[in-house]
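What follows is a set of notes on a single structure, which appears directly below.
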Amino acid sequence: MPLVIDLLSAALGVEARGLDLRQPPDADTARALVAAFEQNSVLCIREQRLSPAQLLTVAKLFGTPKAQVNKHQQLPDAPEVAILSSESRVSDGRETRLVQGTTWHTDHSFTVRPPKATLLYAVRLPESGGDTSFCNMRAAYAALPTSTRERIGGLNAVHSYESSRSPRKMMRRTTAEEAQSPDVTHPLVRFHEPTASNALYLSTTRLERIVELERTASDALLDELMVHVDQEQFVYHHAWQAGDVVIWDNRCLMHHANADFSLDQPRLMHRVLIEGEAPLPGRH
Ligand code: SIN
């Protein structure tokens with residue numbers, strides 16, 4: 001079957017069909033997949049049946065898989081593959097369901113070199129619900145008034161593992177895991193090299209404050225930008241199908257999980273993060 005790539009939505013994203021990635025794709029196909037990812041921010045490859053090792057081989061088409069920061073999420077036989085399961089519970093033993101990542105975020109922005117991309121593979125899906133939503137931060141930046149783009153152009157933001165602005169507490173970590181993640185500073189607007197364009201770089205649970213502003217002004221600006229980006233024109237909701245591998249670009253997207261499925265319908269995903277670089281400041 002020939003490779004077919006179609007748009008997923010007006011906001012962002014494409015889907016690819018006609019591939020069985022248990023066999024390595026030829027060089028032209030691999031190049032087409034990487035280009036589709038870089039230009040459209042989300043690439044969904046349909047109808048795959050991949051072991052964790054095969055998922056890692058697919059991930060390597062897009063870069064170098066990154067070690068997982070939180071050891072309790074690692075798959076024992078493939079430590080670069082994380083298990084995201086709706087059956088996970090908070091680590092202090094409380095019987096609270098934990099669907100991770102339910103607010104708009106970009107992965108691991110609390111690190112110096114946040115992952116360029118994330119792959120998520122649908123292993124087990126609920127009968128309904130459990131979509132992943134994506135927000136196009138290049139389009140959101142481009143839609144800002146010129147005066148706002150000028151106001152935020154040179155600003156930088158502190159990202160924490162758990163921001164004091166975060167609406168919820170994150171999963172408990174070990175002392176060693178906590179020691180690995182001091183606060184970091186990133187530009188508020190970052191340059192996306194593949195498309196030579198600027199993107200807002202925001203993340204609900206990680207953004208602490210704007211370095212150059214007083215706290216009140218910083219909170220007001222971050223709130224203003226979060227309201228701006230959360231508009232349907234920038235958003236694509238991915239309704240998962242069995243066998244989907246979705247790869248998304250953390251440099252120019254936020255995403256969130258939706259905890260809208262029944263407790264007796266487990267949702268299990270395998271995740272691989274791809275190494276990235278320190279965000280480049282936006283070009284003005
Ligand atoms: C995540 O936020 O990294 C996971 C998204 C999802 O499970 O839909």
Quiz prompt | From the options T148, T106, residue that is of a type in the set (S, T, Y), within 16 Å of the ligand (Cβ to nearest atom) and closer than 16 Å to M226 by Cβ | solution = T106
Quiz item: Among the candidates S128, S85, which residue alone is touching a residue at least 40 places away in the same chain (Cβ under 8 Å) and either touching a strand residue (DSSP E or B) at 6+ places or on another chain (Cβ under 8 Å) or β-branched (V, I, T) (or both)?
Solution: S85
Quiz item: What strands (runs of 3 or more DSSP E), lying completely within segment 1-69, carry at least 1 residues that are in contact with a Phe, Trp or Tyr (Cβ under 7 Å, 6 or more places away or on another chain) and among the basic types (K, R)?
Solution: none
Quiz item: Any residue at all in segment 185-197 that is in a helix (DSSP H, G or I) and surrounded by fewer than 16 Cβ atoms within 10 Å (Cβ to Cβ)?
Solution: yes
Quiz item: Filter segment 26-72 for residues that are under 22 Å from H238 (Cα atoms) and charged (D, E, K, R); which is surrounded by the fewest Cβ atoms within 10 Å (Cβ to Cβ)?
Solution: R49
Quiz prompt | So P182, is it more than 27 Å from I5 (Cβ to Cβ), at pLDDT below 95 and not small (G, A, S) | solution = yes
Practice problem: Considering each residue of segment 82-110, count those that are in a loop (DSSP other than H, G, I, E, B) and modelled with pLDDT under 85, and give that number. | Solution: 13
Exercise. Answer with yes or no whether A157 is exposed (fewer than 15 other Cβ atoms within 10 Å of the Cβ), aliphatic (A, V, I, L, M) and either away from the ligand (no atom under 16 Å from the Cβ) or part of a loop (DSSP other than H, G, I, E, B) (or both).
Key: no
Quiz item: Is one or more of the residues making up segment 168-189 touching a strand residue (DSSP E or B) at 6+ places or on another chain (Cβ under 9 Å), at positive phi and in contact (Cβ under 8 Å) with a residue 12 or more places away in the chain?
Solution: no
Exercise. Filter segment 230-281 down to residues that are of a type in the set (D, E, K, R), surrounded by 17 or more Cβ atoms within 10 Å (Cβ to Cβ), closer than 19 Å to P114 by Cα and more than 10 Å from the ligand (Cβ to nearest atom), then give me how many there are.
Key: 2
Quiz prompt | Residues satisfying the stated conditions in segment 128-145, i.e. away from the ligand (no atom under 16 Å from the Cβ) and either aliphatic (A, V, I, L, M) or farther than 30 Å from A67 by Cα (or both) | solution = A139, A140, Y141, A142, A143, L144, P145
Self-check item: The lone exception for A67 - which of (1) more than 11 Å from the ligand (Cβ to nearest atom); (2) modelled with pLDDT of 95 or more it fails
Solution: (2)
Practice problem: Please give the number of the condition R113 fails out of (1) surrounded by fewer than 18 Cβ atoms within 10 Å (Cβ to Cβ); (2) at pLDDT below 95; (3) more than 16 Å from the ligand (Cβ to nearest atom). | Solution: (2)
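The values are calculated or read from the model by the stated rules, or taken from the named source; none is laboratory data. All figures in this text were calculated on a predicted structure; none of them were measured in a lab. Neighbour counts are summed over all protein chains in view; Cβ atoms, including those assigned to glycine, are modelled from backbone coordinates with ideal geometry.
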